[in-house]
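The structure appears right after this line, and notes come after that.
The values are calculated or read from the model by the stated rules, or taken from the named source; none is laboratory data. None of these values were measured; they are calculated from a predicted model. Every residue, glycine among them, receives a Cβ derived from its backbone with ideal geometry; neighbour counts consider all protein chains shown. Ligands, DNA and RNA are excluded from the accessible area calculation, which covers all protein heavy atoms including side chains. Shrake-Rupley method; radii C 1.70, N 1.55, O 1.52, S 1.80 Å.
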Amino acid sequence: ATVIIWFAHEFNTAPSVNPEANDTIDSAHKKAFRKAFREAYAILHQYGGDGIQVAWAGNIAQTKDDRKYYWPGYDDGMNQLPADSVDWVGMTWYPWPDGPKTLERFQGFYDFYARDRQHPFIFMETSADGWGEPALEQSLKLNQVRYLYNATTLSPYPNIKGIVWFNVVKAEQRSGSDQTKVTKNFLIPDGQWDNHGQSEKTAGNVFSASNR
């Protein structure tokens, strides 16, 4: 058996890694993250051998440069190291109304991190964010499933080895420019929403804390 560890999932959205909220600059925080990732990779492989695989997985990106300052294969001077300290490359991808909806939009990212560096690629989350509008969310979800879970779509991308659906209902801001809290339903099929101040799933209902 192989255990895949998603170390620092969606690292570029973490204030401890990217307090500037700016992916286009290097910083002491990003240098520390690259170093911490290399050290974690070494420790995990020291004790787990090849039975432990480490996934480097940030939030949605379309080019190599979108995430280059987080890549543990670079040293403090952004020089490529002999080893990447990465087993799997991952990415969260969730189409939204004006967001990327085809794999061609990620070609630059895929080519370097997966194809050229020869890492298996995994989509860590493939939900669709309709900003709390049920009809729009349903349409985006159906289109995403039909498009991505398709051999014809995936055949030009042989390094894609896994797809994980983000299956949850949660309260979240409508969009980046609209902080109004709305209910977003990522379940297939759609689930019911009951906010009971707890985070658990029971038969027929999904519960989530109000701050989730």
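Here are the numbers for the structure shown:
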item: Filter pass, Tyr41 being over 30 Å from Asp129 (Cα atoms), open to solvent by less than 60 Å² (accessible area, probe 1.4 Å) and either out of contact with any strand residue (DSSP E or B) (no Cβ under 9 Å at 6 or more places or on another chain) or not in a loop (DSSP other than H, G, I, E, B) (or both); result: yes
item: Selected residue (criterion: most open to solvent (accessible area, probe 1.4 Å)) from residues of segment 54-91 that are more than 11 Å from Tyr113 (Cα to Cα) and out of contact with any helix residue (DSSP H, G or I) (no Cβ under 9 Å at 6 or more places or on another chain); result: Pro82
item: Residue match in segment 155-165 (condition: within 17 Å of the chain's Cα centre (by Cα) and open to solvent by 60 Å² or more (accessible area, probe 1.4 Å)); result: yes
item: Every pair of residues 6+ apart whose Cβ atoms lie under 6 Å, when the first sits in segment 176-189 and is charged (D, E, K, R) while the second is outside any strand (DSSP E or B) and at pLDDT 85 or above; result: Lys184/Gly132
item: Unmet requirement for Ile25, which otherwise passes all of (1) open to solvent by 40 Å² or more (accessible area, probe 1.4 Å); (2) of a type in the set (Val, Ile, Thr); (3) closer than 30 Å to Ser155 by Cα; result: (3)
item: Checking Ile160 against (1) in contact with an Asp or Glu (Cβ under 6 Å, 6 or more places away or on another chain); (2) of a type in the set (A, V, I, L, M, F, W, C); (3) farther than 14 Å from Ile60 by Cβ, the condition it does not meet; result: (1)
item: Criterion (over 30 Å from Gly51 (Cβ atoms), in contact with a helix residue (DSSP H, G or I) (Cβ under 8 Å, 6 or more places away or on another chain) and not aromatic (Phe, Trp, Tyr)) met by exactly one of Pro120, Pro97; result: Pro97
item: Exclusive hit being of a type in the set (Ser, Thr, Tyr) and in contact with an Asp or Glu (Cβ under 7 Å, 6 or more places away or on another chain), set Tyr47, Tyr69, Tyr74, Tyr41; result: Tyr69
item: Residues that are surrounded by 15 or more Cβ atoms within 10 Å (Cβ to Cβ) and under 19 Å from the mean Cα position of the chain (by Cα), drawn from segment 175-187; result: Ser175, Lys184, Asn185, Phe186, Leu187
item: Among (1) over 17 Å from the mean Cα position of the chain (by Cα); (2) among the hydrophobic types (A, V, I, L, M, F, W, C); (3) under 19 Å from Ile160 (Cβ atoms), the one test that Ala55 misses; result: (1)
